[in-house]
Every structure is written in C-alpha cells, then in structure tokens.
Amino acid sequence: MQQAKNWTVATISLIFFLLLGAILYFTVRPSIISVEPLGIAEQDIRSPITVEDRVATERLKQEVTNGVGSQFSLRKEFADQQIAKVEQLFAAFDQTDEETELADIKNRLNSTEANGVLADEELNSLLEASEDTRQTVEDVTVTALQQVMDDRIETSNEAVAAARDRAAAIIDQSPLSFEFRAISKTLSDELIVPNYVFDSEATRQKEQEAVDAVDPVIIQEGQLLVSQGEVVTREIYRKLELSGAIDPNRSLAPLFGSFLLSALLTGGFLFMLIRSKIKDLLLSPKILVTVYGLLLLQLGIFFGVGYIGVDFTTYAYILAPTAFVVLLLRILIDERVALASAFITMIAGSVVVTFGQSTNFMTLVYVATGSFLAVFLVEPKIQRKRLFLSGVLLGFVNIIMVIALLLLRNVQVSWEMAMYLSGFAVISALLSIVLTFGFLPFLEPWFGVLSSGRLVELMSPTHPLLRKLLMEAPGTYHHSMMVANLAESACEAIGADGLLARVASYYHDLGKTERPLHFIENQQGGGNPHDRLTPEESADIIMAHPYDGADLLRRYKLPKEIIDIAEQHHGTSLLKYFYVKAKEDPDKEVLESRFRYPGPKPQSREAAVVMIVDSIEAAVRSQKQPTPEKIRMLVRTIIRDKLADGQFEECELTTKEIWRVGESACETLTGLFHERIEYPELKKEGELHANHLER
C-alpha cells in the first residue's frame with residue numbers, strides 16, 4: 001500500500017516537473033527565424049543571448065591602433081655621441097711636434113668615428129695651429145653642439161638646417177679667427193643630426209594602451225539586430241549567426257536549462273513536503289495535485305502578465321500577484337510549505353513574468369519580497385478582515401520596494417512614473433488578495449480546514465443534528481446554548497477561536513440523545529432511571545455520551561475539530577457522584593479508574609475552554625439562587641479541581657489563561673443570573689396598567 005502511494009506521489013511530481021519545465025522553456029525558447037544574406041528581414045530580430053562580437057572587437061582594436069600613429073622621443077644621448085667624435089678628432093692632435101705630418105694624423109683617425117669629418121686642408125690647418133687654438137676650436141664646437149642638440153631636432157631637412165644655423169650663430173660669437181670658425185662650422189654641420197626620432201618601443205606601448213582601453217563589443221540579449229524591412233547585409237548576417245538568432249540548434253541549451261531548473265525546484269519542493277509534520281496529508285494524491293496545480297496556475301498568471309505587458313512596458317512584472325499561492329498555502333497548510341512555494345514563485349516566477357527577456361535584479365527582488373512577505377502576513381484560520389488588512393500592508397510594501405529598486409539602479413523617476421508604478425504595485429497586492437478570497441472557500445473543505453463560513457453553516461438551528469438535539473433532549477439543547485455563550489466569551493478573552501468554541505459547544509453533548517432521560521436536565525421532574533441501576537451501570541451510560549456523540553458527528557461528516565472537542569470535553573475526569581455512591585458499599589472494592597472517562601484530555605485551547613465552562617454551567621444551574629459571590633467561589637473550586645486532576649496537561653492553555661476563562665465565565669453568568677425586583681401581585685387590572693405606566 002505504501003509503495004503504491006509512493007509511486008503515485010512520484011508520478012504526480014514527475015508530471016509537475018514536466019509541466020513546469022515546459023512553461024519555463026516556452027517562456028525563454030527562441031523563435032524560429034528564416035533569413036538569407038542580402039535578403040529583406042520579415043520581422044524585427046533581436047539577439048536571444050548576450051555574446052561578445054570578437055570580430056567587431058578586433059576591428060575596433062585595429063582602428064585605434066592605426067589612429068595612434070608613430071611615436072617620437074628626444075634622444076639626448078645623440079649629442080654625447082657627436083661630442084665624442086669631436087673629442088676623438090682633436091685627440092688625434094695630441095703629442096704632435098714639427099715633424100708630425102698630415103699622414104700621421106689621418107692614420108690616427110682611421111680607427112675612429114671622426115675619420116672623414118674634415119678635409120685634408122682643414123686637418124692641416126689644425127695641425128699647423130697652436131695647441132691653444134686647437135683647444136679653443138674644440139671647446140667652441142662642443143659648446144655649439146651641446147646647446148643645439150639639447151633641443152628637439154626633427155628628421156626634416158628644414159629642422160636640421162635650422163639647427164646648423166643656430167650652431168653657426170653660436171660659433172660666430174666665439175673669439176676664433178674666420179679660418180677656425182669655418183672649421184668649427186664644418187664640424188657642427190657634419191655632426192648635427194636629428195635627435196627627435198621614431199621610437200618603436202613607445203609606439204608599441206602606446207598602441208597597446210589604446211588596445212587595452214577598447215571595451216569588447218557586446219551584443220546584448222534583446223538587442224535589435226535588424227529591423228523589419230531592412231536589408232540583411234553580410235555584417236548583419238554575421239551578427240545573426242554569432243548571436244544564434246538563426247541557428248537551428250540554439251534551442252537545445254534553453255531546453256536543457258529549463259528542465260534542469262524545473263528538476264531543482266520540483267525536488268526541493270517535494271523535499272520540503274516530505275520533511276513537513278503533516279506529510280501524510282500533503283502527500284495524499286488529491287492534496288498534492290491541488291498544491292502543484294495552484295503553483296502552475298500562478299505561473300500561468302505570471303506568464304499572462306508578461307505576455308500582455310512585454311509590448312507595453314518593461315515594468316509589467318510589477319502587476320504579477322506574487323503573494324497569491326503563498327497566502328493560500330500559508331492559510332491552508334503551514335509555514336514550511338508556504339516558504340517552499342515562495343521559493344518556486346521567486347525563481348520560476350521571475351523567469352516567466354519577464355517573458356523571455358532578461359531576468360534582472362529588480363524582477364527577482366520584487367517577486368521575492370512579495371512572496372516571502374506573504375508567509376509572515378497571515379496565519380491559519382485568519383479572519384477575512386485581517387486578510388484584507390494584510391493585503392493593504394502588502395500593497396504598501398510593494399510600493400516602497402518598487403521605488404527603492406528604481407533609486408538603487410539610479411533610474412530617473414518622475415512623479416508620473418512613480419504614480420503609475422505604485423498603481424501597478426497596488427494592483428499586484430489587490431490581485432493576490434482577490435484571488436485568495438476567491439479560492440479559499442473552495443479549498444478549505446478540500447484541505448480539511450474549518451473555515452468561518454463552514455462554522456456559520458453549522459450554527460443554523462435547522463441543522464439535522466441540532467434539530468435532533470432539540471427534539472430528543474431539550475434540556476441538553478438549552479444547556480448547550482448556555483455553554484456556547486460562555487465558551488465564546490471565554491475564548492475571545494484569551495485570544496482563542498471563539499466561533500469554533502461556540503459551534504463545538506452546540507454539538508458537544510449530542511451523545512446524550514442516545515439515552516436522554518439518563519441525564520438530569522432532560523428528566524423534567526420525572527423519575528430518575530439511575531435509581532434502578534448500579535453505580536457502575538450508571539457510570540457507563542454517563543461516560544459513553546462523549547464517544548456516542550463523536551460517532552454520530554462522524555456519521556454526519558462534521559469537521560474533525562468539532563468531533564475532537566466533543567470527545568475531549570470531559571477528558572479523564574472522575575465521575576465523583578457515582579464513585580462516592582459505589583464506595584458506600586463496604587463489601588465491594590471500588591477502583592477510581594472504573595469511574596473515570598477514558599479520555600483523551602483536551603488537546604486544544606478551545607477543547608479546554610469547553611471543558612471548563614461545561615462544568616461551570618452545570619454546577620451553577622444546579623444551584624437554586626446563585627449569587628455573584630457563590631458563582632465566583634464555585635468557579636474557583638471547579639478550576640482548582642481540574643488543575644489538580646491534570647486535565648490541561650496536554651493542551652497549550654496557560655494557568656493565567658485558565659483563570660481568565662474563569663473570570664469570563666463569572667462575568668457572563670453574573671449577567672445571566674442577576675437579581676431581579678420581585679413585584680407584588682396586583683389584584684386589579686387597572687392598577688397593573690397604572691404601575692406599568694409608572695415604570
């Protein structure tokens with residue numbers, strides 16, 4: 001049996017996995033496009049992915065490289081090299097005398113870079129000159145070279161000529177004779193060379209800097225590549241191929257991605273269900289199908305919002321009812337399942353609602369906020385008014401979130417934009433609440449949740465079981481109505497479910513209809529059947545009524561919560577009257593357990609309240625003239641006995657709340673049994689009428 005159930009759960013989950021994957025894929029799948037080079041585009045074509053256009057990037061890099069141009073640098077070492085030649089030239093004249101000939105000087109210069117710089121006549125003039133004159137010529141030439149070549153000399157003939165003229169001007173200012181100034185000018189003319197020359201290393205570095213500054217050419221997802229009616233040039237066709245817009249195999253990656261994400265979400269959700277405390281309920285086929293169906297319905301709504309809004313605004317996702325299913329599952333099941341559904345809504349919903357466009361940070365955060373906030377806004381059995389207030393709060397948070405996300409992304413927000421996006425956020429919250437209100441009445445019975453509407457139906461006096469109680473046990477019916485008033489007031493005083501306590505009180509003693517005359521409230525002054533029974537027989541009849549009532553309620557398919565209260569409203573209390581009566585026989589051993597209700601003890605706060613007020617109402621009704629003080633003392637006694645007997649050990653009712661229930665019962669009973677004015681009997685009708693007018 002368990003294996004068959006496991007297979008059923010696996011099959012249902014597999015179907016959900018396939019449907020979820022199909023929805024995701026249908027949302028992101030690329031459309032099939034037919035286009036030829038140099039043809040006419042029949043539609044706007046956008047890139048389905050974000051990809052780098054490496055060809056365009058390399059082309060751009062080549063353009064910026066060409067734009068850099070040749071780089072030049074000032075080579076000051078050139079001056080030092082030329083000055084070194086002057087020094088080599090004049091070094092050849094060291095240690096000369098009258099016997100030194102021109103041939104000797106030329107031999108010395110043959111192995112130097114200064115060879116050939118001066119003609120023989122100029123060398124001979126320097127040879128015949130004095131050493132001081134030669135030193136002066138050397139100094140003047142070096143000074144001229146140094147001053148001129150410290151400045152930039154470009155490679156053009158004009159720049160070199162201008163440099164030589166500047167050197168000549170410097171030489172002309174020297175004290176040399178005309179002959180030796182001419183020699184110095186000849187040296188400067190020969191040795192002045194361009195020093196601002198092409199720098200290959202600087203050029204390469206500059207080109208590399210320019211290339212590094214080039215950002216890659218990116219084709220963004222959704223970028224328009226060609227407009228409808230435009231000629232598809234070869235460059236455009238290349239981009240279409242690069243982006244995969246016309247690749248017949250490009251749908252495989254989104255297909256695998258969609259079903260991979262679906263597997264992750266389905267597996268995670270199923271794991272959360274298995275770990276839930278109510279997994280037996282959740283893994284029942286009808287509940288599992290319903291939960292999966294709700295999630296698919298919400299994704300379908302998201303898909304519709306994205307499909308309709310994609311052509312009008314990029315902010316269509318704000319309209320999506322993000323909290324719809326989360327609210328339902330939080331109310332109907334528990335927090336764990338609601339959190340799991342919020343996770344699916346956040347991930348899958350963010351993809352679906354953008355309808356194939358890029359799922360950005362704003363979409364994800366907005367959907368996550370709405371869905372996860374819904375988990376903490378409501379609780380099981382929430383009142384409709386509080387659910388509406390939760391929707392108002394959700395709308396307010398949606399507005400703040402939208403404005404905050406826009407400001408975070410540094411979007412210029414105008415008043416008009418802020419107003420219509422705030423309207424979208426309010427509509428989203430409104431849709432979530434309206435859909436929740438719409439589905440809740442249909443799903444509450446399906447999930448076994450006792451709704452306020454169902455409780456109101458069960459309060460109707462025309463219900464067959466209440467009619468049965470009224471007709472067969474009228475005293476018990478009146479007692480039940482009194483207990484209902486007390487239980488509702490007491491539950492409201494401690495924050496429990498007053499409506500559930502009232503309705504459960506109507507039905508709690510339904511078992512007494514099996515033997516109504518064995519209960520004193522229905523005897524109406526007649527004989528007491530217990531006078532003819534042993535204490536044990538009487539106890540059996542009395543103690544059977546909670547379980548007879550529970551069986552009757554089950555046959556009529558009343559909610560489990562009401563059946564539980566009917567079964568638990570006496571707990572394991574001791575039937576003191578018949579126990580004491582049985583002990584009066586000294587020859588018989590009497591066990592206390594024989595006269596205790598089988599239980600169970602109250603498991604809920606409402607059941608505990610019904611137990612307390614049921615005992616209080618019966619005790620107060622047995623008194624002939626109950627006063628407020630007598631009622632208060634009686635209530636204290638009953639509560640102390642119940643506490644000492646451990647009847648509240650298995651429910652969440654605190655000691656403070658137990659005494660608050662007693663106070664509420666005192667207040668209600670005091671109002672019901674207040675002292676009344678006893679009017680004297682008037683003999684004459686006229687006097688009675690006059691007295692009525694005076695009052």
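Let's see how each residue does on (1) touching a residue at least 12 places away in the same chain (Cβ under 8 Å); (2) aromatic (Phe, Trp, Tyr); (3) in a helix (DSSP H, G or I):
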position: Phe269; (1), (2), (3): yes, yes, yes
position: Leu288; (1), (2), (3): yes, no, yes
position: Gln298; (1), (2), (3): yes, no, yes
position: Pro321; (1), (2), (3): yes, no, no
position: Leu329; (1), (2), (3): yes, no, yes
position: Ala342; (1), (2), (3): yes, no, yes
position: Ile347; (1), (2), (3): yes, no, yes
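Among the criteria (1) modelled with pLDDT under 90; (2) part of a helix (DSSP H, G or I), the one Ile170 does not fulfil is (1).
Restricting the first member to the range 561-580 and to residues that are under 12 Å from Gln603 (Cα atoms) and not assigned by TED's automatic domain parsing to the domain that holds His545, and the second to residues that are of a type in the set (Asp, Glu) and assigned to a loop (DSSP other than H, G, I, E, B), no beta-carbon pair is closer than 6 Å while six or more apart or on different chains.
Annotation note: of Leu393, Leu431, Leu408, the sole residue that is surrounded by fewer than 17 Cβ atoms within 10 Å (Cβ to Cβ) and modelled with pLDDT of 85 or more is Leu393.
Being in a helix (DSSP H, G or I), touching a Gly at 6+ places or on another chain (Cβ under 6 Å) and either acidic (Asp, Glu) or not assigned by TED's automatic domain parsing to the domain that holds Ala496 (or both) is a condition met by no residue of the range 588-607. Quick check: is even one residue across the range 106-114 surrounded by fewer than 13 Cβ atoms within 10 Å (Cβ to Cβ) and not in a loop (DSSP other than H, G, I, E, B)? Within the range 106-114, one or more residues are surrounded by fewer than 13 Cβ atoms within 10 Å (Cβ to Cβ) and not in a loop (DSSP other than H, G, I, E, B). Looking for something in contact (Cβ under 8 Å) with a residue 40 or more places away in the chain and touching a Ser or Thr at 6+ places or on another chain (Cβ under 9 Å) - is there at least one such residue anywhere in the range 532-546? Within the range 532-546, not a single residue is in contact (Cβ under 8 Å) with a residue 40 or more places away in the chain and touching a Ser or Thr at 6+ places or on another chain (Cβ under 9 Å). The set of residues from the range 65-80 being surrounded by 15 or more Cβ atoms within 10 Å (Cβ to Cβ), assigned to a helix (DSSP H, G or I) and not hydroxyl-bearing (Ser, Thr, Tyr) comprises Val68, Phe78, Ala79. Looking across the range 118-141, the residues that are surrounded by fewer than 20 Cβ atoms within 10 Å (Cβ to Cβ) and hydrophobic (A, V, I, L, M, F, W, C) come down to Leu118, Ala119, Leu123, Leu127, Ala129. When Ala103 is tested against (1) among the small types (Gly, Ala, Ser); (2) surrounded by 15 or more Cβ atoms within 10 Å (Cβ to Cβ); (3) part of a helix (DSSP H, G or I), just one condition goes unmet, and that condition is (2).
Among residues of the range 1-27 that are modelled with pLDDT of 90 or more, those with a beta-carbon under 7 Å from a residue that is assigned to a helix (DSSP H, G or I) and among the small types (Gly, Ala, Ser) at least six positions away or on a different chain give the pairs Phe17/Ser262; Phe17/Ala263; Leu20/Ser262; Leu20/Ala348; Gly21/Ser258; Gly21/Ser262.
Table: residues versus (1) farther than 23 Å from Asp139 by Cα; (2) within 60 Å of the chain's Cα centre (by Cα); (3) small (Gly, Ala, Ser).
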| site | (1), (2), (3) |
| --- | --- |
| Gly69 | yes, yes, yes |
| Lys76 | no, no, no |
| Val86 | no, no, no |
| Ala92 | no, no, yes |
| Glu99 | yes, no, no |
| Ala103 | yes, no, yes |
| Leu109 | no, no, no |
| Glu113 | no, no, no |
| Gly116 | no, no, yes |
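The sole residue among Ser414, Ser460, Ser390, Ser432 that is farther than 22 Å from Ser505 by Cα, of a type in the set (Ser, Thr, Tyr) and free of Cβ contacts under 8 Å to residues at least 40 places away in the same chain is Ser414. Return the residues of the range 485-505 that are surrounded by fewer than 23 Cβ atoms within 10 Å (Cβ to Cβ), of a type outside the set (Asp, Glu) and either in a helix (DSSP H, G or I) or not assigned by TED's automatic domain parsing to the domain that holds Ser615 (or both); say none if nothing qualifies. Listed by number, the residues that qualify are Asn485, Ser489, Ala493, Ile494, Gly498, Leu499. In this structure, does Ile562 turn out to be within 16 Å of Ser615 (Cα to Cα) and either modelled with pLDDT of 90 or more or of a type in the set (Ser, Thr, Tyr) (or both)? Judged against the criteria, Ile562 is not a match. When the range 145-167 is filtered for residues that are of a type outside the set (D, E, K, R), exposed (fewer than 13 other Cβ atoms within 10 Å of the Cβ) and not in a helix (DSSP H, G or I), only Ser156 remains. The number of residues in the range 653-695 that are at pLDDT below 90, under 60 Å from the mean Cα position of the chain (by Cα) and assigned to a loop (DSSP other than H, G, I, E, B) comes to 2.
The listed residues are Ile83, Ile23, and the only one of them that is touching a helix residue (DSSP H, G or I) at 6+ places or on another chain (Cβ under 9 Å), aliphatic (A, V, I, L, M), surrounded by 14 or more Cβ atoms within 10 Å (Cβ to Cβ) and more than 30 Å from Glu190 (Cβ to Cβ) turns out to be Ile23.
Output the residue which, of all residues in the range 173-201 that are assigned to a helix (DSSP H, G or I) and of a type in the set (Ser, Thr, Tyr), is nearest to the chain's Cα centre (by Cα). Here the residue is Ser200. Among the residues of the range 470-483, those that are of a type in the set (A, V, I, L, M, F, W, C) and surrounded by fewer than 23 Cβ atoms within 10 Å (Cβ to Cβ) comprise Leu470, Met471, Met481, Met482. Scanning the range 366-390 for residues that are among the charged types (D, E, K, R) and either at pLDDT 85 or above or touching a Phe, Trp or Tyr at 6+ places or on another chain (Cβ under 9 Å) (or both) returns a single hit, Arg384. Against the test of being basic (Lys, Arg) and under 17 Å from Gln647 (Cβ atoms), the options Arg554, Arg532, Arg596, Arg515 yield a single qualifying residue, Arg596.
The values are calculated or read from the model by the stated rules, or taken from the named source; none is laboratory data. Quick caveat, the model's predicted, so the values are computed rather than measured. Virtual Cβ from ideal backbone geometry, glycine too; neighbours counted across all protein chains shown.
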